[in-house]
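Data first, discussion second: the structure below is written as structure tokens.
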Amino acid sequence: MRQRFRHGLVIGKFYPVHAGHLNLVRTALAQCEHVTVQVLWSSQESIPADLRAQWLRDELPGAHVVTGLDDAPVDYESHDAWQAHVQVMKDLLDAGCVPGCSVSAPVDAVFTSDVYGAEMARRFDAEWVQVDPGRAAVTVSGSAVRADPGAHWWALPPAVRAWFARRVVVVGAESTGTTTLAEALQAHYGLPAVPEFGREWSEVRPGGLETPWHTAEFDLIAREQSRMEDHAAATTPLPLVVCDTDAFATTLWHERYMGTPSPSVQELAASRVPDLYLLTGDEIPFVQDGLRDGEHIRHGMQQRFREELAAQEDGGAPWVELRGTRAERLAEAVRLVDALVAVPRWVAPPMDQQGQEVGAPLPDPTAPAPAGSDRGV
């Protein structure tokens, strides 16, 4: 079936990507042979443009997604502001060919929800296609998501959910109740499980526990633990994920078994700083389950956790050591987590917008004034 248009254009901040954006682009894809999506970002925004572009590519593989810096003031009633923004768009079109075309295809359709699309289409000498006016079908906006992502969780693609999800990691030495607390928190909030992969690996590793450990095993454990965490963050029903250990903890276990730190595991851990660490206390009785080294190393390992958590550089995660009964630990952990999720992940505000959105064409101030006009007086 032949599409209605050859080349459609969709522009936006996509700050962040949500269901309304996806509906807009999918409508364009259904009507166009080729669709270019431009992520126009400003210097003051905090979600990287390349990340937003990747979110779009993941969800909309048929679209051609590009990014461009656009720090021009946003004023819908300013001819100069319009010229500056449209020039950015045209430069981006000139810079990259549309897939499947030997040269950049002229835009013959502009897709927007808001009425500024009429003026934008006029400046491209294209047809304006308005999609879901007033967002009546998909009731969400970027500003609403930024203000309260949890209230609009339904509208966020998995990768965007993973970015917004608050991450809490339970760590501690052997037999300090980390798994007990992590599972209790996951049950309390109705979260997907993120178990300790290192324990699973210990049960199945070739040669059993008597065989010397290798650095490559800790790389495997850290990567798989991180993958499980990311999967849970993408599928969680609310902006929270609770993990039983993480790559940071793996750095200490590598040190314990190999005698030195692992640069690769440390690098991975540094790229994945959570929002909160809960360190389970070592004051409770030690229980040997057949996989643990023994009580003689427990207090020393617990001290290493304290030292390394306290030594985190600026930008590290806050941490609290929890002691007491299971009920006391859970109650304090819930209090801390509730306070964390009550504050959405911070997103810098976008540029201020001025003027009313333009439906009718703007007057061109460079055009000659008609006879009898008092313009400029």
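Around the amide H of residue 279, modelled in the peptide plane, lie the amide H atoms of 171, 320, 321, 322, all under 5 Å away and 5 or more residues distant in sequence or on another chain.
Any chance you could run the full-extension gain for residue 340 through residue 258? It's 0.36 nm times the residue separation minus the Cα-Cα distance, nm to one decimal.
26.0 nm is the gain from fully extending residue 340 to residue 258.
Which percent of the accessible heavy-atom area of segment 150-342 goes to carbon and sulfur, probe 1.4 angstrom? Kindly include the intermediate steps, with their values, before the conclusion.
Values: 4910 of 8840 Å².
Here carbon and sulfur together make up 56 percent of the probe-accessible area.
Database remark: amide H of residue 166 closer than 5 angstrom to the amide H of 240, 241 (H placed geometrically; neighbours at sequence offset of 5 or more, or on other chains; Pro and chain starts carry no H). 3J(HN,Hα) along segment 247-253: 5, 4, 4, 4, 4, 6, 6 Hz, from the Karplus curve 6.51 cos²θ - 1.76 cosθ + 1.60 with θ = phi - 60°, whole Hz, x for Gly and Pro. Spin-label model, residue 180 to residue 43: label points 7 Å out along the Cα-to-beta-carbon direction sit 5.5 nm apart.
Measuring nothing but protein heavy atoms, the accessible surface of segment 5-146 at 1.4 Å probe radius is 51 percent carbon and sulfur. Surface listing: 66, 39 arranged by accessible area from highest to lowest gives 66, 39, probe 1.4 Å. Proximity of backbone amide H atoms, modeled 1.01 Å from N, is registered between residue 358 and 116 at under 5 Å, excluding neighbours fewer than 5 places apart on the same chain.
Determine, for each peptide in 120-127, 147-154, the mean count of other beta carbons within 10 angstrom over its residues, then list the peptides with the highest first.
Values: 120-127: 17.4, 147-154: 15.2.
The peptides rank, most packed first, as 120-127, 147-154.
Here the calculated FRET efficiency for residue 270 and residue 213, from their Cβ-Cβ distance with R0 = 22 Å, stands at 0.50, rounded to the nearest 0.05.
Between the labelled values (i) 27, 52, 17, 3, 1; (ii) 29, 59, 12, 0; (iii) 24, 42, 26, 8, 1, the entry that holds P(r) over Cα pairs in 20 Å bins from 0, in percent as derived from this structure is (iii).
Rounded to the nearest Hz, the phi-derived 3J(HN,Hα) couplings of segment 238-246 under the Karplus curve 6.51 cos²θ - 1.76 cosθ + 1.60 (θ = phi - 60°) are 8, x, 7, 9, 10, 10, 8, 6, 7, where x marks glycine and proline. A simple spin-label model places the labels of residue 188 and residue 143 3.6 nm from each other, with each point 7 Å out along Cα-to-Cβ.
Let me check something: with ligands and nucleic acids excluded, how do 29, 309 order by accessible area (1.4 Å probe), largest to smallest? Write down the numbers at each step before the final one.
Values: 29 50, 309 5 Å².
The ordering from most to least exposed comes out as 29, 309.
Pop the C-beta distance of residue 348 and residue 284 into the FRET formula with R0 = 30 Å and round what comes out to the nearest 0.05.
On the way: r = 43 Å, r/R0 = 1.44.
Rounded to the nearest 0.05, the efficiency is 0.10.
Give the peptides 81-87, 243-249 in descending order of average Cβ contacts within 10 Å, highest first.
So the peptides 81-87, 243-249, ranked by packing, come out 243-249, 81-87.
Magnitude of the charge dipole for the chain, about its Cα centre and with charges confined to Cβ atoms of Lys, Arg (+1) and Asp, Glu (-1), is about 740 debye. Here the calculated FRET efficiency for residue 6 and residue 314, from their Cβ-Cβ distance with R0 = 56 Å, stands at 0.65, rounded to the nearest 0.05.
Solvent-accessible surface of the chain, taken per residue with a 1.4 Å probe and all protein chains present: 48 Å².
Once the Cα-Cα distance is subtracted from the 0.36 nm per residue extended length, the residue 83 to residue 136 segment shows a gain of 16.1 nm.
Accessible area per residue was computed with a 1.4 Å probe on protein heavy atoms; residue 231 scores about 110 Å². Across segment 79-86, computed HN-Hα scalar couplings (Karplus, 6.51 cos²θ - 1.76 cosθ + 1.60, θ = phi - 60°) run 4, 5, 4, 4, 4, 5, 5, 5 Hz from first to last residue, x flagging Gly and Pro. Note on surface exposure: 328, 283, 267, 119 rank 267, 328, 283, 119 by accessible area, highest first, 1.4 Å probe.
Using the charge dipole of the chain (Lys, Arg: +1 at Cβ; Asp, Glu: -1 at Cβ; taken about the Cα centre), state which of 164, 358, 180 has its Cα farthest towards the positive end. With unit charges placed on the Cβ atoms, the residue in question is 358. Taking all protein chains together and rolling a 1.4 Å probe, residue 55 ends up with roughly 10 Å² accessible.
The values are calculated or read from the model by the stated rules, or taken from the named source; none is laboratory data. Everything quoted here is computed from the prediction, not taken from an experiment. With ideal geometry, Cβ positions are generated from the backbone for all residues, glycine too; neighbour counts draw on all protein chains shown. Side chains are part of the model used for accessible areas, which takes the heavy atoms of the whole protein and leaves out ligands, DNA and RNA. Shrake-Rupley method; radii C 1.70, N 1.55, O 1.52, S 1.80 Å.
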